[in-house]
Amino acid sequence: MPAKLLVKRNPFRAPPSWVADAVIYQIVPDRFRRSGLVKAQDQMELRPWGTDPAAQGFQGGDLHGVIESLAQLQDMGITCLYLTPIFSSAANHRYHTFDYLQVDPLLGGNAALDALISAVRQRGMRLVLDGVFNHCGRGFWAFHHLVENGERSPYRDWFHVHQWPLRPYPAAGEDCGYACWWSVPDLPKFKHDHHAVQDYLLEVGRHWLDRGIDGWRLDVPAEVPATFWAEFRKMVRSVNPEAWIVGEIWGDARSWLGGDHFDGVMNYRLGWSSLCWAAAGEIDSGYSNPDYPLKHLAGEDLIAIWETTSGWYRPEVNQAQMNLLDSHDVPRALHSLKGDVNALKLALLLLFLHPGAPCMYYGTEAGLSGGPEPACREAFPWDSPWRVDLRPFLQELAGLRQRYSLLRKNGLHWSREGADGLRGEASNLLVLVNRSRSEWLKPPSGMSGSLEWQSGSVSPAGLVGPQSAALLLL
């Protein structure tokens, strides 16, 4: 009998193995938790906690507040944090970076990040930072130099200048004179084919990996030349072969996930499709985005989207995706579901039943329901009553993934069950999910097993109640 061929794992092309087992929690630091420990905030005019998120200004969340919350997050099953940008910026969301080598003083500075890295490591958790390398803020030192010195600045080739003089604060209808992200003068685009820019950004990525972070989530990477990301991957793998590189690609990412650029992407397709099915027709479709379409989905349409998406990629890539329902860029899931907590629980369950790392947006456990950004960036209600407490439910979902490795590795085979049900199968495992708000779901004919877990109502005869789910061992 011929010997089996062993396929060796290529550490350069293969995603980090730990991602398949991760449960991620996304945090917008300014809105998560204010510790009172940041001296730079003393005597500052911070906005009151809970201020309308559309208002400008800073509410004062900081990295020490994240540290204070680690025990609670870990109890909920979280193993990895993803922080939106933390470097010095004049915007509360900090996507307008002006110093890539300094953690914003209002967040606690570099010392606070060192403390967070240490605290995360002590708990066996991971930390991923947001890399905004397509554009910078108007206050970035090289761009400031260009504005002050014009054509004589040695940094003129760091940016795409097409008209002098530059007008970083143009009047209505006036050309700012340089390329910027989505024509927003606040965000000058880097000129990535300039070697000095490449070297600088690669050194930034290296610096924080050396400091101890576990990976980079890359902002709008499709707007950056692929050749730069190929060099970025080489740099990351040389520093830490187990660091995760995840790109913000909302749709088909096949050209980015062949092993030369990213390990995974933000898998919005799994997220919006799960929401649209779980909503059972009650979806808020006021948000318009072709990459995040909110509309009614039948079971067969949902499964087709899932199968198409997973079919695009290698199995190890599917295990390294960042699977999410919502984020800082889209309406919160509970908003899209018109406040239906039971529908949210079904959508979260679907998220946890797929290969890839489920990612929860901060405040999901408390029932936050802000609409399109910036409404979805509201402050965490630490000192206010929560609409709902989903921490026990999320802890259960994380426990299911830990207990049944096939959910993390190979996933389930999905089919439609009745008008409003889904059936997922693998080996001796059967999952039934019923989205109907009024009808019970009958189990498949001839199938019976021991009930290992349930959400909502399950009858002694195995019928799954409205907006309920069951996991059985056959």
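The values are calculated or read from the model by the stated rules, or taken from the named source; none is laboratory data. Predicted, not measured: the structure shown is a model, and the values here were computed from it. Reconstructed Cβ throughout: ideal geometry from the backbone, glycine too, with neighbour counts over all protein chains shown.
Contact map, region 262-290: first residue assigned by TED's automatic domain parsing to the domain that holds PRO466, second residue among the hydrophobic types (A, V, I, L, M, F, W, C) and outside any loop (DSSP other than H, G, I, E, B), Cβ cut-off under 8 Å, separation 6 or more or different chains; the map is empty. Screening GLU231 against (1) touching an Asp or Glu at 6+ places or on another chain (Cβ under 6 Å); (2) not in a loop (DSSP other than H, G, I, E, B) leaves a single unmet condition, (1). Give region 242-274 a look and list any residue that's farther than 22 Å from VAL330 by Cβ, surrounded by fewer than 24 Cβ atoms within 10 Å (Cβ to Cβ) and not hydroxyl-bearing (Ser, Thr, Tyr), or say none. GLU242, ALA243, ARG254, GLY258, GLY259, ASP260, HIS261, listed by residue number.
Screening LEU106, LEU129, LEU146 for residues that are more than 30 Å from ARG391 (Cα to Cα) and either charged (D, E, K, R) or modelled with pLDDT of 95 or more (or both) leaves exactly one candidate, LEU146.
The set of residues in region 114-160 being of a type outside the set (Gly, Ala, Ser), assigned to a loop (DSSP other than H, G, I, E, B), farther than 30 Å from ILE78 by Cβ and in contact (Cβ under 8 Å) with a residue 12 or more places away in the chain consists of CYS136, ARG138, PHE140, TYR155, HIS160. When ALA320, ALA333, ALA398, ALA343 are screened for being aliphatic (A, V, I, L, M) and out of contact with any Leu (no Cβ under 9 Å at 6 or more places or on another chain), only ALA398 passes. With respect to the conditions (1) in contact with a Pro (Cβ under 8 Å, 6 or more places away or on another chain); (2) assigned by TED's automatic domain parsing to the domain that holds ALA40; (3) part of a helix (DSSP H, G or I), ARG94 falls short on a single one, namely (3). Does SER384 meet the test of being out of contact with any Ser or Thr (no Cβ under 9 Å at 6 or more places or on another chain) and in contact (Cβ under 8 Å) with a residue 40 or more places away in the chain? So SER384 passes the test. Residues in region 352-372 that are among the hydrophobic types (A, V, I, L, M, F, W, C) and either closer than 26 Å to ARG403 by Cα or modelled with pLDDT under 95 (or both): PHE352, LEU353, ALA357, CYS359, MET360, ALA366. Scanning region 463-474 for residues that are buried (at least 17 other Cβ atoms within 10 Å of the Cβ), under 25 Å from GLN395 (Cβ atoms) and not hydroxyl-bearing (Ser, Thr, Tyr) returns VAL464, GLY465, PRO466, GLN467, ALA469, ALA470, LEU471, LEU472.
Looking at region 47-67, which of its residues are surrounded by fewer than 17 Cβ atoms within 10 Å (Cβ to Cβ) and either touching a residue at least 60 places away in the same chain (Cβ under 8 Å) or of a type outside the set (A, V, I, L, M, F, W, C) (or both)? The answer is PRO48, GLY50, THR51, ASP52, ALA54, GLN56, GLY57. VAL224 - would you say it is out of contact with any His (no Cβ under 7 Å at 6 or more places or on another chain), modelled with pLDDT of 95 or more, among the β-branched types (Val, Ile, Thr) and surrounded by fewer than 23 Cβ atoms within 10 Å (Cβ to Cβ)? No: the conditions fail for VAL224. Looking at region 28-39, is at least one residue touching a Phe, Trp or Tyr at 6+ places or on another chain (Cβ under 9 Å), part of a helix (DSSP H, G or I) and closer than 25 Å to GLY371 by Cβ? Checked against the condition, which is being touching a Phe, Trp or Tyr at 6+ places or on another chain (Cβ under 9 Å), part of a helix (DSSP H, G or I) and closer than 25 Å to GLY371 by Cβ, region 28-39 yields at least one hit. Taking each residue of region 93-109 that is touching a residue at least 24 places away in the same chain (Cβ under 8 Å) and looking for partners that are part of a helix (DSSP H, G or I) and polar (S, T, N, Q) with beta-carbon atoms closer than 7 Å, six or more apart or interchain, yields VAL103/ASN110; LEU106/GLN41. Could you tell me how many of the residues in region 168-197 are under 25 Å from the mean Cα position of the chain (by Cα) and among the β-branched types (Val, Ile, Thr)? Residues in region 168-197 being under 25 Å from the mean Cα position of the chain (by Cα) and among the β-branched types (Val, Ile, Thr): 1 in total. The residues on offer are GLN163, GLN198, and the sole one that is touching a residue at least 12 places away in the same chain (Cβ under 8 Å) and part of a helix (DSSP H, G or I) is GLN198.
The test for being charged (D, E, K, R) and outside the structural domain of LEU129 (by TED's automatic domain parsing) does not hold for ASP210. Residues in region 196-221 that are surrounded by fewer than 20 Cβ atoms within 10 Å (Cβ to Cβ), within 27 Å of VAL23 (Cα to Cα) and not charged (D, E, K, R): VAL204, HIS207, LEU209, GLY212, VAL220. Among the conditions (1) farther than 16 Å from ARG34 by Cα; (2) buried (at least 24 other Cβ atoms within 10 Å of the Cβ), ILE86 misses just one, which is (1).
Taking the criterion of being among the charged types (D, E, K, R), modelled with pLDDT of 95 or more and under 21 Å from GLN26 (Cβ atoms), would at least one residue in region 165-173 satisfy it? Checked against the condition, which is being among the charged types (D, E, K, R), modelled with pLDDT of 95 or more and under 21 Å from GLN26 (Cβ atoms), region 165-173 yields no hits at all. If you check TRP250, TRP272 for being of a type in the set (Phe, Trp, Tyr), in a loop (DSSP other than H, G, I, E, B) and over 20 Å from SER17 (Cβ atoms), only one passes: TRP250.
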